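The values are calculated or read from the model by the stated rules, or taken from the named source; none is laboratory data. Model, not experiment: these values are computed from the prediction. Cβ sites come from the backbone with ideal geometry, for glycine too, and all protein chains shown count toward neighbours. What goes into the accessible areas is simple: the full protein's heavy atoms, side chains included, and nothing from ligands, DNA or RNA. Shrake-Rupley method; radii C 1.70, N 1.55, O 1.52, S 1.80 Å.
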Amino acid sequence: MNGIIFFAALIFFLWLGRSILIPLLVATFFWYLINATSTYFRKIMPVNSEEERKEKPFIGHVFDWLSGISATLIFCAVIYFFITQIQPMFKELVNALPAIQHSLINFGKYLSESLGIRFDASMLPNIANIATNIGSSAANLVTSAGMIIIYMLFIFIEQSTFNKKFSVLFPNRTQSKKMRYILESIDTNMKKYLFMKTLLSGITGILSYFWLQMIGVEFAGIWAFVVFITSYIPTIGAIVACALPILYSLITAPSLHQPILTAIGLIGLQIIFGNILEPKLTGKTLNLSTLAILINLVFWGMIWGIAGMFFSVPLLVATFIITAQFDSTRWIAILLSADGKIPDKKEEE
């Protein structure tokens, strides 16, 4: 009974504090990405072994700074690319919304005449209202961007004290080793997942752009960006990534030739990269149940909306690894796994 009350209280806390927790989670995610990229750069730079760092401490610190600066510059370059390239495309799409709404109404009339059913324009989605809601969400995101940047700055400032705080939190040597093992396992699996997911999503987005551009679909850059972003959302992301450009092509193209090619290309890419390559490259690493991923997606989507869906898999990975390390919760890890195999438990010494 106490467990049920605690779980209900936790859900209520997550829902009530979403305006604070979501920006904090996004800031932590960005901080983690920058650190992971910095760690990769540091491995390929000179003076990266413990022996070399002891012999040349000053040079080692210089390369530490260079790797951190390089990772930060890449992150800033991605943000700059979005602001200068993707954002103007969205503005063009917003300006084209009245024409799209008119085309949608005409398409609805065509279907009703072809199928012999009664058509009412009010039955169709109002794209202007949808755009207004999206604009409000974007405004909220811009407002949250300030909080995200502030959170990131403070996380970077306090990063040097993490080890000291960790030692104070877990003074017991056995506990400290166990917790470090858990954090290292989460870090390793998260880096593998994010690297493979970003790589596959990026390739899918680029190929989608070239395909849509080749067959003449307008706003190919926006649809490719949508494909890239929604690829991080399990199951539903692939449906949205395909449905939006296909629907747009269907209501704006003069014939069915372009919509059919759009569907063949985008669905084919999703099958190849999302259904064939991704499970082979990330599924074996994560070993998570597809049903568990879907339930987790719905759970976080209900609490935190799109942000919850975006972070649902990383949160599930962390839950999977943590629950596998304690006897009282290993059954949860078994249920979350794809085949009953869970990470080895760090034995107490």
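List of remarks:
- Label-to-label distance, residue 330 versus residue 161, with points set 7 angstrom from Cα along the beta-carbon direction: 3.8 nm.
- Taking amide H positions as modeled 1.01 Å from N, with prolines and chain starts lacking one, the residues under 5 Å from residue 337 and 5 or more places away or on another chain are 289.
- Estimated Rh, the stretch 171-276: Kirkwood, alpha-carbon pairs, angstrom: 15.3 Å
- Packing-based order for 211-224, 243-256, using average beta carbon neighbours within 10 Å, highest first: 211-224, 243-256
- Estimated FRET transfer efficiency (residue 40, residue 91; beta-carbon r; R0 56 Å; 0.05): 0.95
- Using θ = phi - 60° in the Karplus curve 6.51 cos²θ - 1.76 cosθ + 1.60, the 3J(HN,Hα) couplings for the stretch 161-174 round to 9, 4, 5, 5, 5, 5, 5, 6, 5, 10, x, 5, 4, 5 Hz; x is entered for Gly and Pro.
- For the stretch 144-223, with all protein chains in place and a probe radius of 1.4 Å, 69% of the accessible heavy-atom surface sits on carbon or sulfur.
- Residue 302 versus residue 260: modelled label distance in nm, points set 7 Å from Cα along the beta carbon direction: 4.2 nm
- In a fully extended conformation the segment linking residue 247 and residue 235 would gain 2.5 nm over its present Cα-Cα distance, using 0.36 nm per residue.
- Over 26 Å (Cα to Cα) - which of 43/164; 178/280; 43/191; 177/341 fall in this group: 178/280
- Here the calculated FRET efficiency for residue 15 and residue 198, from their Cβ-Cβ distance with R0 = 22 Å, stands at 0.15, rounded to the nearest 0.05.
- Relative to the current alpha-carbon distance between residue 280 and residue 213, full extension at 0.36 nm per residue lengthens the span by 21.2 nm.
- Most to least packed among 202-209, 5-12 [average Cβ atoms within 10 Å]: 202-209, 5-12
- Using a simple spin-label model with pseudo-atoms 7 Å out from Cα toward Cβ, residue 147 and residue 56 lie 4.5 nm apart.
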